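A.B. asks: Input: one structure, supplied below.
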């Protein structure tokens, strides 16, 4: 703790601040960003942080200084990437590139593997696109497949939604994980490598549920009017062909390039630095593989290839729509950074870490538990993971735990039991025509909890054998 501060008092301030944050998000009209800043102020005031700039051990400390430095420091590392990524996702949505990805995987997997095609489509599409937007865009394809081959549209939809929500929650440059990386101060490329691998078992678990369990309970197919109705179970009919007009949407290479190129560049950067290959041509590749540059390249590729199908006015309008979404995400992420900074500046992180070490409680439980509880209480996965990162980052680092593992735990926790307070819950169920509460939970709450449970096991395995 810094000189003059009480660890117990700061801890009480943190607990009161968290209770206030949860109450405000649930019960008032105050936005999450404002609530995070207010929470930071409450933690500082109750905890006894200096109200004006005070030099302690050569460092200027105050509540306002922690807010501004935490906000700016977090956004300084990932704010531009969030902006680029969200704008690129909007272009994917407006031009039909996401639809092309779906049909590419459908053709790749072939007959009897439609659920796998839907899951893999969602897995990749949701890296740059919000999962609820992705589901709205791609669910008509699931309905078309269901009608053509007589497979339950609910199973196909759950497979699609699972692929979307797992990578949206786990893999940068999706905004939530990017914010967590910024708060923990970890390398984005390294985090992509870990979370891509960890996302595969989580998606497979949900896919098995969607393919083997859901159709037996909810066998529904769109009728001639497009209404999703219950029908007697029957074997798939692969003689019918999908009659989708793909003539006006981008080609396969064109659709995938803005997503694949930046990911490859970031991975090249990470691997090159890890092996010390930093000379000559590799120096240029490392520069291009820095996340800001790489995602910027992906955005430029999408503008000059995909967006050429739009007139200038429409293209600019779509990009501005993405910028509006990015602004909200950046404010919430920066607010989380401010809360984390006051915990760090006060020394509360070291205080809690030492207490947990003395009690022999695994430190990795803290970010996982906070994220899980926040997700269940207020619904937003992004708010859950960034809040958990804000509270636990300095504690995890002070305890000597690898911050990459702490960041993974924050992301995993935010998958827990999606229900009424989560927009994705309503998007999936409404698009699939599911109206009964019990069925809605079967369709989506159970699905996200399966992904969460597999992720929790992965976190504990990594804690034991890797980090």
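A.B. asks: Against the definition (more than 30 Å from residue 402 (Cα to Cα), in a helix (DSSP H, G or I) and in contact with a helix residue (DSSP H, G or I) (Cβ under 6 Å, 6 or more places away or on another chain)), how does residue 211 come out, yes or no?
C.D. replies: Here the answer is yes, as residue 211 does meet what is asked.
A.B. asks: Confirm whether residue 21 is out of contact with any strand residue (DSSP E or B) (no Cβ under 8 Å at 6 or more places or on another chain) and surrounded by fewer than 23 Cβ atoms within 10 Å (Cβ to Cβ).
C.D. replies: no
A.B. asks: State which residue is farthest from residue 262 (Cα to Cα) when the search covers only region 55-79 and only residues that are modelled with pLDDT under 85 and assigned to a helix (DSSP H, G or I).
C.D. replies: Applying the filter and picking the extreme gives 73.
A.B. asks: Let me ask another. For region 97-122, which residues satisfy the criterion of being within 21 Å of residue 299 (Cβ to Cβ), modelled with pLDDT of 80 or more and surrounded by 24 or more Cβ atoms within 10 Å (Cβ to Cβ)?
C.D. replies: Correct list: 97 only.
A.B. asks: Let me ask something else. State whether the residues of region 175-185 include one that is at pLDDT 90 or above, within 30 Å of residue 386 (Cβ to Cβ) and surrounded by fewer than 20 Cβ atoms within 10 Å (Cβ to Cβ).
C.D. replies: yes
A.B. asks: Give the residues of region 327-385 that are farther than 22 Å from residue 24 by Cβ, part of a helix (DSSP H, G or I) and either at pLDDT below 80 or in contact with a strand residue (DSSP E or B) (Cβ under 7 Å, 6 or more places away or on another chain) (or both), sorted by residue number.
C.D. replies: If the condition is that a residue be farther than 22 Å from residue 24 by Cβ, part of a helix (DSSP H, G or I) and either at pLDDT below 80 or in contact with a strand residue (DSSP E or B) (Cβ under 7 Å, 6 or more places away or on another chain) (or both), then 344, 345, 349, 350, 351, 352, 353, 354, 355, 356, 357, 358 are the ones that fit.
A.B. asks: Looking only at helices (runs of 4 or more DSSP H) that lie completely in region 82-165, which have at least 1 residues being in contact with a strand residue (DSSP E or B) (Cβ under 8 Å, 6 or more places away or on another chain)?
C.D. replies: Qualifying helices (runs of 4 or more DSSP H): 131-149.
A.B. asks: Anything in region 147-162 that is modelled with pLDDT of 80 or more and surrounded by fewer than 24 Cβ atoms within 10 Å (Cβ to Cβ)? List them, or say none.
C.D. replies: Within region 147-162, just 150 meets the criteria.
A.B. asks: State all residues of region 279-313 that are within 17 Å of residue 82 (Cα to Cα), in contact (Cβ under 8 Å) with a residue 60 or more places away in the chain and part of a helix (DSSP H, G or I); if no residue qualifies, say none.
C.D. replies: Result: 291, 292, 295, 296, 298, 299, 302, 303.
A.B. asks: Scan region 314-325 and give yes if some residue there is free of Cβ contacts under 8 Å to residues at least 24 places away in the same chain and over 23 Å from residue 91 (Cβ atoms), otherwise no.
C.D. replies: Within region 314-325 (the criterion being free of Cβ contacts under 8 Å to residues at least 24 places away in the same chain and over 23 Å from residue 91 (Cβ atoms)), the answer is no, since none of the residues qualifies.
A.B. asks: If we scan region 128-143, do we find a residue that is surrounded by 24 or more Cβ atoms within 10 Å (Cβ to Cβ), within 23 Å of residue 380 (Cα to Cα) and modelled with pLDDT of 90 or more?
C.D. replies: No, region 128-143 contains no residue that is surrounded by 24 or more Cβ atoms within 10 Å (Cβ to Cβ), within 23 Å of residue 380 (Cα to Cα) and modelled with pLDDT of 90 or more.
The values are calculated or read from the model by the stated rules, or taken from the named source; none is laboratory data. Since the model is a prediction, treat every value here as computed from it, not as a measurement. Neighbour counts are summed over all protein chains in view; Cβ atoms, including those assigned to glycine, are modelled from backbone coordinates with ideal geometry.
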